[in-house]
Every structure is written in C-alpha cells, then in structure tokens.
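Report on one structure; see the data block that follows.
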Amino acid sequence: MPQWVVKATVSAIAVAALVVRLIWPDLHIDGVTLGLLGLAILPWLSSLIKSAELPGGFKIEFQDVRDAVEKVTRGAPAPKAFVPNQQVTSTEVAAADPNLSLVALRIEIEKRLRELARRNGMDERRSLKSILRELHDRKVLEPSIVSGLRDLITAGDQAAHGASVDPRAAQWALTYRPQMLGILDMALAGGVVD
C-alpha cells in the first residue's frame, strides 16, 4: 500500500472522529478534539519532523546515527591498520538487540577516548564531554569528528537507558564501526586525523 494512502486513511479517520464529536452540540472543543486534529495533521508533516512519540520519551532515529557517523568518517575508507576487537561480537549483538549494539559502540568509543586523553597528558577520569572538548582544543581530533563522537555517545547513553532504537540505526553504526574506531585507533597510533 502506498505511503500516501496510509497517511490519507489516518487523516480521514481522525477528521471523521473530529466531525462526529462536533455534530453533538453538548460537545465542546477540548483536549481530545485538539488531539484528534493533531493526529489528522501529523502524517502530512512527517517530512518536516523526525519523530513524534506519545507519551514523551526519547527515540533514537536512523537519521541521527547516520548523521553522527558521517561527521566522524566523512566517507573515508576504513584505515588499514584497524583490527576489530574480537571481544565484542557486534554483528550478533546488533541482530539480537539494537540498543545493545549502540551501547557496545559507545563503550568502544569511550575506551579509545580515555586512552587518547591519557596519552595526551589529560586526566582520563574526566567526563567524555570534557575530554572531547580538550582533544579538539589540542587539535588531536577535528571538530566534525568531535561532534559526531559526541552524538554517538549521546545515542549510546540513551540506548543504555531504554530508548527505542531504530534497527536501521544500529545496523548503520555496526557497518561503519570499523571505520569509526579505526579513526580513533589512528589517533592513538599518533597518526594525523583530519
């Protein structure tokens, strides 16, 4: 079924419910009516908003993780020196639990950032945000990499706290995991990361 048909159906049902509520004179425009009107409009705004989750809460979307990965990698091929960490079976993890996949990636990023901080004479026990800021200030990592890593760390934190993770986001992170960690491994090896 085409997506526009689904959107039109949802909108038609919500508008019909709104009309029914307005037909009876003793019904007033209240929160329910406004909610139904919002529901009727929401599908048509999907290209303008990333997500709507009711009631509240965080949701990690594919676009968020993809954008963070692209900030870090900028389309560069994976460094040849990278050897995947065999302790983390991330392919199996991502297939079983997208949240765990992002959490595992976040842990691997954190290990490398703390080691990078230590090797650059920084206190590796500080917050990751503080470490990233100083690695940027010392020109160890460039701004887009720092920004992307910050976004991935946030996504990993949210995933660890039970946020709903789009399986495509976990797969995207898994696919580019060697490249992202390879960039940090290059920095650890003293290579120029630009």
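Just so you know, all these numbers are worked out from the coordinates, no wet-lab data involved. Remember, it's a predicted structure, so these values are computed and weren't measured experimentally. All Cβ positions, glycine included, derive from the backbone under ideal geometry; neighbour counts span all protein chains shown.
Checking a compactness column here: for the stretch 141-188, what do you get for Rg(Cα) / (2.2 N^0.38 Å), N being the number of residues? It would help to have the intermediate numbers written out before the result.
Details: Rg = 11.7 Å, N = 48, 2.2 N^0.38 = 9.6 Å.
Dividing the Cα radius of gyration by 2.2 N^0.38 Å gives 1.22.
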Of 148-155, 123-130, ordering from highest average Cβ density within 10 Å down gives 148-155, 123-130
Once normalised by the length of the stretch 102-183, the mean sequence separation of its alpha carbon contacts under 8 Å that are 6 or more apart gives a contact order in percent of 40
